[in-house]
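For reference, the structure is listed below as structure tokens.
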């Protein structure tokens, strides 16, 4: 069955690039361009995996991640943080809010696909071990 | 007298504040630029990988060229971003007790492809029973990768690079990267570790980079209370050395 990935990213160009790449690899993609819409879609669509930007309008990625990871019905959805921010501090916060992996833009598409595959292949029971450690 | 001192302190604080604002502004601009360059690089990667259809050989060559210069731009931006963080004193190291040999191996694996392209052999001389070091692993890997990158860049095809570790008297470890490349004349050495320094301005920037790498290395090593220096002579290669504190046994 086609796996469903929610991409939450406010830059329309980057969103398109990620969407096209993942669709070419046979994933079903749903998108959101701000934090609030992203959180709502995560709740209503229950995707198999979430790609999450950090700097987002309305709700930032860290907050979304924490809210999802505290929600018993959603906590098992793997979350990959995808961001241009690289500071150690962000990595630390990412860990604390329970993100499963962290990729820096520009990302290597092969690595993104590999991480997604590993998470999705496990088809999910929490707790998760990220394939690429922080 | 006291009034004069108070005045000077005030003026000094104002300058510091302006400097901080400048660095914050620079960091924001670089962050935005990085986002743009991410779109370029990932967009080109999609095109080259045929995500939205196939291209002719010539079209792919053009995409390759755009991709390559986009990659260099990202690299430069990353370096500028690093430097602006140092300037804003926002870089905090995450120091842990580590083994230096593992870090050397990691940075070597990052540079292996570049070394292979020039058929350069990198020889490692690390004595057994080394004391552990207290360092930020990512920072030290970055320093080592920068030094290997330079050594490869300035070495001839088929030559050797030697990386060695020595225990110093003052509870420090000295790590040295020695190449047999073009070497540096005495007058070129003092400014080598400052920003935007390049020895030979006539050489294309694209080949040598903007000379930010060693400035970043110096800042990382200084944050470790270590030293970084070079011994070199034209035509006789260079040895880049740095020290880091050993962990007490």
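Residues that are out of contact with any strand residue (DSSP E or B) (no Cβ under 7 Å at 6 or more places or on another chain), surrounded by 14 or more Cβ atoms within 10 Å (Cβ to Cβ) and assigned to a loop (DSSP other than H, G, I, E, B) were ranked within region B:83-113; the one that is modelled with the highest pLDDT is B:99. Got at least one residue in region B:78-97 being touching a residue at least 24 places away in the same chain (Cβ under 8 Å), in contact with a helix residue (DSSP H, G or I) (Cβ under 7 Å, 6 or more places away or on another chain), more than 12 Å from every other protein chain (Cβ to nearest Cβ) and farther than 28 Å from residue B:143 by Cα? Looking for residues that are touching a residue at least 24 places away in the same chain (Cβ under 8 Å), in contact with a helix residue (DSSP H, G or I) (Cβ under 7 Å, 6 or more places away or on another chain), more than 12 Å from every other protein chain (Cβ to nearest Cβ) and farther than 28 Å from residue B:143 by Cα, one finds none in region B:78-97, hence no.
Checking the conditions here, which among B:162, B:147, B:130 is in contact (Cβ under 8 Å) with a residue 60 or more places away in the chain, touching a strand residue (DSSP E or B) at 6+ places or on another chain (Cβ under 7 Å) and surrounded by 15 or more Cβ atoms within 10 Å (Cβ to Cβ)?
Working: B:162 fails: in contact (Cβ under 8 Å) with a residue 60 or more places away in the chain; B:130 fails: in contact (Cβ under 8 Å) with a residue 60 or more places away in the chain.
From the options B:162, B:147, B:130, the qualifying one is B:147.
Inspect all residues belonging to region B:8-25 and state whether any of them is surrounded by 16 or more Cβ atoms within 10 Å (Cβ to Cβ), within 13 Å of chain A (Cβ to nearest Cβ) and assigned to a helix (DSSP H, G or I). No, region B:8-25 contains no residue that is surrounded by 16 or more Cβ atoms within 10 Å (Cβ to Cβ), within 13 Å of chain A (Cβ to nearest Cβ) and assigned to a helix (DSSP H, G or I). Any residue at all in region B:31-47 that is within 14 Å of another protein chain (Cβ to nearest Cβ) and over 30 Å from residue B:216 (Cβ atoms)? Yes - at least one qualifying residue is present in region B:31-47.
Here residue B:183 meets the list (1) touching a helix residue (DSSP H, G or I) at 6+ places or on another chain (Cβ under 7 Å); (2) modelled with pLDDT under 85; (3) surrounded by fewer than 20 Cβ atoms within 10 Å (Cβ to Cβ) almost entirely, failing just condition (1).
Checking each residue in region B:37-57 for being within 17 Å of residue A:110 (Cβ to Cβ) and surrounded by 12 or more Cβ atoms within 10 Å (Cβ to Cβ) picks out B:38, B:41, B:42, B:43, B:44, B:45, B:46, B:47, B:48, B:49, B:51. Within region A:101-116, the set of residues being within 10 Å of another protein chain (Cβ to nearest Cβ) and buried (at least 16 other Cβ atoms within 10 Å of the Cβ) comprises A:104, A:105, A:106, A:107, A:109, A:112.
With respect to residue B:150, is the statement that it is in contact with a helix residue (DSSP H, G or I) (Cβ under 9 Å, 6 or more places away or on another chain) and within 30 Å of residue B:24 (Cβ to Cβ) true? So residue B:150 fails the test. In a strand (DSSP E or B), more than 11 Å from residue B:152 (Cβ to Cβ) and over 18 Å from the mean Cα position of the chain (by Cα): does that describe residue B:134? Criteria met by residue B:134. Counting only helices (runs of 4 or more DSSP H) that sit wholly inside region A:1-100, those with at least 2 residues that are away from chain B (no Cβ under 14 Å) and surrounded by 21 or more Cβ atoms within 10 Å (Cβ to Cβ) are A:35-45, A:61-69. The one condition from (1) within 14 Å of chain A (Cβ to nearest Cβ); (2) over 28 Å from residue A:84 (Cβ atoms) that residue B:67 does not meet is (2).
Check B:60, B:34 and return the single one that is surrounded by 10 or more Cβ atoms within 10 Å (Cβ to Cβ), closer than 30 Å to residue B:82 by Cα, touching a helix residue (DSSP H, G or I) at 6+ places or on another chain (Cβ under 9 Å) and free of Cβ contacts under 8 Å to residues at least 60 places away in the same chain. Please lay out each step first, then the result.
Working: B:60 fails: closer than 30 Å to residue B:82 by Cα.
Sole residue among the options that is surrounded by 10 or more Cβ atoms within 10 Å (Cβ to Cβ), closer than 30 Å to residue B:82 by Cα, touching a helix residue (DSSP H, G or I) at 6+ places or on another chain (Cβ under 9 Å) and free of Cβ contacts under 8 Å to residues at least 60 places away in the same chain: B:34.
Each residue in region B:17-51 was checked for being farther than 27 Å from residue A:56 by Cα and modelled with pLDDT of 90 or more, and 3 of them qualify. Among the residues of region B:114-125, the ones that are surrounded by 18 or more Cβ atoms within 10 Å (Cβ to Cβ) and either within 13 Å of another protein chain (Cβ to nearest Cβ) or outside any strand (DSSP E or B) (or both) come to 2 in all.
Looking at B:128, B:156, which one is at pLDDT below 90, part of a loop (DSSP other than H, G, I, E, B), within 28 Å of residue B:183 (Cα to Cα) and more than 14 Å from chain A (Cβ to nearest Cβ)?
Details: B:128 fails: within 28 Å of residue B:183 (Cα to Cα).
Testing whether each residue is at pLDDT below 90, part of a loop (DSSP other than H, G, I, E, B), within 28 Å of residue B:183 (Cα to Cα) and more than 14 Å from chain A (Cβ to nearest Cβ) leaves just B:156.
The values are calculated or read from the model by the stated rules, or taken from the named source; none is laboratory data. Please read these numbers as outputs of a predicted model, since none were measured by experiment. All Cβ positions, glycine included, derive from the backbone under ideal geometry; neighbour counts span all protein chains shown.
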